[in-house]
Amino acid sequence: MKFRVWDEAENRIISTDMEIAARYYHAGAPVMQFTSLKDKNGVDIYEGDIVRIGMSSVTATAVYQADGGMWCILIEDGPDGGRALRSPLFKGYTVVIGNIHENPELIL
């Protein structure tokens, strides 16, 4: 498994293994797990990554849906949440454009 952590002290993302990620987690830092999905350019998609869908201006965030037991992207489009797209529906049509920690302004 691959992980990234948000290091607030250094204001940056650090790629790491599970052991080091666990240390950050227990210290209260956000930990992001690799979803096992890649965008259309072959870039790994991690939990919390922001992706652009197709040629549109629509953006979504990678999240884990426990009820479905799988990774998906969530389009925030209403006051009560959003629409979830399961991985087969967007594979090959997304591009990672940032993440929720470094680029919160990209979330529409």
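The values are calculated or read from the model by the stated rules, or taken from the named source; none is laboratory data. Being a predicted model, the structure only gives us computed values, none of them experimental. Every residue, glycine among them, receives a Cβ derived from its backbone with ideal geometry; neighbour counts consider all protein chains shown. In case anyone asks, the SASA skips ligands and DNA or RNA and just uses the protein heavy atoms, side chains included. Shrake-Rupley method; radii C 1.70, N 1.55, O 1.52, S 1.80 Å.
Some notes on this structure:
- Candidate set: region 32-44, residues that are at pLDDT 90 or above and in contact with an Asp or Glu (Cβ under 8 Å, 6 or more places away or on another chain); chosen: the one least open to solvent (accessible area, probe 1.4 Å): Met32
- Against the criterion of being modelled with pLDDT under 80, more than 16 Å from the chain's Cα centre (by Cα) and not aromatic (Phe, Trp, Tyr), Met55 qualifies.
- With respect to the stated conditions, Ile50 is open to solvent by less than 40 Å² (accessible area, probe 1.4 Å), of a type outside the set (Phe, Trp, Tyr) and either at pLDDT 75 or above or closer than 23 Å to Phe3 by Cβ (or both).
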